[in-house]
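Enquirer: Pasting in a structure now, in structure tokens, and then I'll have a few things to ask.
All of the numbers you see were taken from the coordinates with simple rules; none came from a lab. Fair warning: this is a prediction, and the values are worked out from it, not measured in the lab. For neighbour counting, all protein chains shown are included, and Cβ atoms are generated from backbone atoms with ideal geometry for every residue, glycine included.
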Amino acid sequence: MNRKIFITLFSLVFSCFCIDNTIAQTTLSVKTDAQQIIVGDQLRYFITATVDTTKAQLRWVNLPDTFNTLELVDKGKIDTSRNGSIITLKQKLLITGFDSGSFLIPRFSFLSVSKTGTVDSLFTDSFRLLVNTVPVDTTKPFKAIKGVAEVETSWMDNLPLIIALLIGIALIVWIALYFAKNKKLKQQKREVAREETFHERTLRLLNELDAKQLWQQDKPKDYYTELSEIVRQYIEIRFQTNAMELTTDELLRKAKKHREMAAFSKSLRPLLEAADLAKFAKANPLPEEHIEALELARNFVQVSKPKEQPVIHNTTPVQTRKK
């Protein structure tokens, strides 16, 4: 009888655990590499989430820098892998503590948004972390501080320093001779600014935006603000129409009526609406959505490239406004 009760209770507990971490085809799990550390040492904390993108989307948690006197030393980037419609997201955290004792790593809340618009909360498991002080054997007496001991030295002890000094002198002489030999040639050279078309400059700005890795640094608003303004600047010069001061709806309506821009209005809509959600609705898109937005911008610039383009010097600064 007792065995049956135990099996029933275990099944109930296991069922509760699964429900708490699986919602709308979204699973969430965490693990650590230790249960106790020494003061100042670091604990690795791993978060793994699996999402069926045909049924739901996962909004990643905004992690605090400190919790329960523990400190978050580093937040690794969110790695993404795909298997069909299943996306696996992983992130590694480094956690440390500078006070000894037992501390709780709390549950973190994630949001799962189903295709029907239902929003559910998923929680990670909480962990108890024991932070120990450096062990000291108090039964042994204190040792006296020793004085400075004289050590005999020879020139061989300074051999690495001598070799480094000779290499440095030889390098300085070689540099001096090289510049003296090429001084006349360098004086005759003049820097000529490379000319680029506006289409090339726009693609360069998009590549520079990608290299900044803003969304990887949890700055999606800055990422979409700069992306939107690069595209709008391109529209103003390419189609000779105002775009910077118009809302997304106004710009799309104008594009439909524009003789040249009408053919590209459908490709503009998902890009501009995604930017508005990130800038004004404070949405936090998935990593693949950030990449897709940049590819939409590149594709729009490529397909709308005119046959004749204005030439612009790359020394001309291009600035985007801050919203």
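Enquirer: Taking segment 13-132, how many lysine pairs are there with alpha carbons less than 25 Å apart, if each pair must be eight or more places apart or span two chains?
Expert: 12
Enquirer: Right, something else. Please list the non-local residues whose amide H lies under 5 Å from the amide H of Leu70, H modeled 1.01 Å from N, same-chain partners needing a gap of 5 or more.
Expert: none
Enquirer: While we're here: Mind checking the alpha-carbon convex hull of segment 48-107 and giving the volume per residue in Å³?
Expert: Dividing the Cα hull volume of segment 48-107 by its residues yields 83 Å³.
Enquirer: If you wrap a convex hull around the C-alpha atoms of segment 92-178 and split its volume per residue, what is the figure in Å³?
Expert: Enclosed volume per residue, from the Cα hull, is 298 Å³.
Enquirer: Another question, then. Within segment 242-304, report the GluC sites (Glu not before Pro) that DSSP leaves as loop and that have at most 15 other Cβ atoms within 10 Å.
Expert: On the way: sites: Glu245, Glu250, Glu260, Glu273, Glu288, Glu289, Glu292, Glu295; in loops: Glu245, Glu260.
Loop-located and lightly packed - Glu245, Glu260.
Enquirer: Right, here's the next one. If you average 1/r over every pair of different alpha-carbon atoms in segment 243-304 and take one over that average, what Kirkwood value in Å do you get?
Expert: 12.3 Å
Enquirer: Let me make sure I get this right: for segment 195-313, a, b and c are the square roots of the gyration tensor eigenvalues over alpha carbons, sorted descending. Under 1.5 in a/c it's rounded, otherwise prolate if a/b > b/c, else oblate. Which is it?
Expert: oblate
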